[in-house]
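The values are calculated or read from the model by the stated rules, or taken from the named source; none is laboratory data. Note that the coordinates shown come from a computational prediction; the quantities given were computed from them, not determined experimentally. Heads up, the Cβs are rebuilt from the backbone with ideal geometry, glycines too, and the neighbour counts pull from every protein chain shown. Keep in mind that these areas ignore ligands, DNA and RNA; they rest on the heavy atoms of the full protein, side chains included. Shrake-Rupley method; radii C 1.70, N 1.55, O 1.52, S 1.80 Å.
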Amino acid sequence: MSEFKQTFNSSLGKKLIMALTGLFLCTFLIVHVGGNLLLFKHDDGFAFNSYANFLTHFPPIEVIAYLLYFFIILHSVYALVLTIKNRRARPVGYAVTTKSPTSWSSKNMGLLGSILLLFIVIHMGDFWFTYKYKDILPFKEYRTNLATNQTTASEYKPEVPTFERSISTENNVEIVRVKDLHSRIQWSFSHLWYVVFYVIAMVAVSFHLLHGFQSAFKTLGWVHKKYDGIVSFIGTWLFAVIIPLLFALMPIIYYFQSLNK
Amino acid sequence: MSHENMNLTLKVWRQKNTQTSGKFVTYKAEGISPDMSFLEMLDVVNESLIKKQEDPIHFDHDCREGICGSCSLYINGRPHGPKRAITTCQLHMRSFNDGETVTIEPWRSTAFPVIKDLATDRSAFDRIQQAGGFISVNTGGVPDANSTPIPKVVADEAFNSATCIGCGACVAACKNASAMLFTSAKITQLGLLPQGQPERWSRVQAMVRQMDEEGFGNCTNTGACEAECPKEITLMNISRMNNDFFSAKLFREEHTHDHSGNG
């Protein structure tokens, strides 16, 4: 056991934790953006609300979710510990700032990470906490005609305050009653400052992962000419371009939709 | 190329000893030949200081041909100055412009305390090396030449790592003052070769532990070290070290950890 303690107290052990938690968070982003693509469906939030309901009522997802929160905290705490140690390693700074050719993102991971941590706190407070622990979200009822596959949405007032969800079928019509997180998203993204904050955070995601994804592989020692190109391609295009862009499009599109109402 | 002599303004870090804090002092370097090395330019400035009965600027130097690793100097924001893959002694004054202001600082790192002015104590590197940067060779009959087959690509890689002169530019350039490029080069040059295999797993642990104890920072794969290394040691060495370290710590037999008696 002390062997493990020694390993993770070493400089390389701490870096290992940063790399592994970072890669886990990267993987989470793929799932998160994939699920949230449902926001682009024009169905009054039927698919998205059903998806949100599934996530919050499926035990294995709950376990992974708490693991995720733990890894976010672990990644942040280790980043802080490493940064403090790095500062102590150079108490007297240089008068002339470095002119060594290095990427901007690799030198500003702490700043980018701090923006992201602030974002995660606000983001989870607005959606996750509101969904799970506040009773302010309305409910929606979706009636799908199984013959024509047409869905109509309407407000639903639960009869009991502890109501969570219900799925039933009456006369070939499927009735789904779920919490309406979609309306909360519409409301949040109708505020310009909020949309701007989200877009800034996604720029931070982009630059953080532009360095972070590839750096994690270097830290793990998984570096080989055969795979370097693939790692760099995925790190750049998937994690620093496609994923942040898709995420940023969500608040932007919802903002413009709110203007048309 | 201009052959006319140059005049420069130098902002030099002067620090009496490790205990005191230092400050910048401005000097004029006049009539400097563009063909002088940077260290020869400092020699000229020191000559004039000595003539004026002033304390000359202290800086480290030895071979003056780029192989000993003694000279250091953080010049205008870059270790060993503006040119790639050379040491300060190989830097010539033709790399500067007449009338330019040149700021000269020592390597700045907790693990490299300033001895005086621009000279730093880099014995932390020696202690890392002593912790495990060696191989055991049995005495006995002389083995036949080339009796140990080593693929050329492996030999080349090991020799590339072995070109590290231990100057400390990697630490000086790193935003975290990390010594991982140095340590990893010293681990790799032995770890790649058959002669280095018996101590491979204990070596990486012992040297990393010593590196941590010296108070160096932690690598963030920023790559300033490889950009500034006069011998162009690559980040690949750090990845190799990490791989060996995790392999040793997490997957090797525990008794391979015993190296220098302290576990």
If you check every pair at least six apart or on different chains, which have Cβ atoms under 7 Å apart with a residue in segment B:4-29 that is over 12 Å from B:Pro113 (Cα atoms) first and a residue that is open to solvent by 60 Å² or more (accessible area, probe 1.4 Å) and among the acidic types (Asp, Glu) second? B:Met6/B:Asp98; B:Asn7/B:Glu30; B:Asn7/B:Asp98
Restricting segment A:95-121 to residues that are closer than 16 Å to B:Cys174 by Cβ, crowded, with 16+ Cβ neighbours inside 10 Å and out of contact with any Ser or Thr (no Cβ under 9 Å at 6 or more places or on another chain), the residue that is nearest to the other protein chains (Cβ to nearest Cβ): A:Thr98
Identify the residue in segment B:79-96 that is open to solvent by 40 Å² or more (accessible area, probe 1.4 Å) and under 19 Å from B:Lys11 (Cα atoms) and, among all such residues, is nearest to the chain's Cα centre (by Cα). B:Pro82
Flagged in segment A:219-243 as loosely packed, with under 11 Cβ neighbours inside 10 Å and within 14 Å of another protein chain (Cβ to nearest Cβ), in numbering order, are A:Lys225, A:Lys226
Against the condition part of a helix (DSSP H, G or I), in the same structural domain as A:Asn36 (by TED's automatic domain parsing), open to solvent by less than 60 Å² (accessible area, probe 1.4 Å) and closer than 29 Å to A:Lys14 by Cβ, how does A:Ala216 come out, does it pass? yes
Within segment B:1-25, the residues that are within 27 Å of the chain's Cα centre (by Cα), exposed (fewer than 13 other Cβ atoms within 10 Å of the Cβ) and part of a strand (DSSP E or B) are B:Lys23
Would you say A:Leu137 is in contact with a strand residue (DSSP E or B) (Cβ under 9 Å, 6 or more places away or on another chain) and touching a residue at least 12 places away in the same chain (Cβ under 8 Å)? yes
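Is it the case, given these coordinates, that A:Asn9 is surrounded by 15 or more Cβ atoms within 10 Å (Cβ to Cβ) and either within 30 Å of B:Gln205 (Cβ to Cβ) or in contact (Cβ under 8 Å) with a residue 40 or more places away in the chain (or both)?
On the way: surrounded by 15 or more Cβ atoms within 10 Å (Cβ to Cβ): no; either within 30 Å of B:Gln205 (Cβ to Cβ) or in contact (Cβ under 8 Å) with a residue 40 or more places away in the chain (or both): yes.
No.
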Picked from segment A:129-178 (must be surrounded by 13 or more Cβ atoms within 10 Å (Cβ to Cβ) and aromatic (Phe, Trp, Tyr)), the residue modelled with the lowest pLDDT is A:Phe163
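Quick one: would you say A:Val199 is assigned by TED's automatic domain parsing to the domain that holds A:Phe54, modelled with pLDDT of 95 or more and open to solvent by less than 40 Å² (accessible area, probe 1.4 Å)?
In short, no.
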Which members of segment B:35-49 meet the condition of being touching a residue at least 40 places away in the same chain (Cβ under 8 Å) and either in contact with an Asp or Glu (Cβ under 8 Å, 6 or more places away or on another chain) or of a type in the set (Ser, Thr, Tyr) (or both)? B:Ser37
Among the residues of segment B:191-218, what is the count of those that are open to solvent by less than 30 Å² (accessible area, probe 1.4 Å) and more than 10 Å from chain A (Cβ to nearest Cβ)? 7
Residue identified as within 14 Å of another protein chain (Cβ to nearest Cβ) and either in contact (Cβ under 8 Å) with a residue 40 or more places away in the chain or in a helix (DSSP H, G or I) (or both) among B:Ile165, B:Ile150, B:Ile128, B:Ile233: B:Ile128
Look at B:Arg14 and say whether it is of a type outside the set (A, V, I, L, M, F, W, C) and either closer than 14 Å to B:Thr103 by Cα or touching a His at 6+ places or on another chain (Cβ under 6 Å) (or both). yes
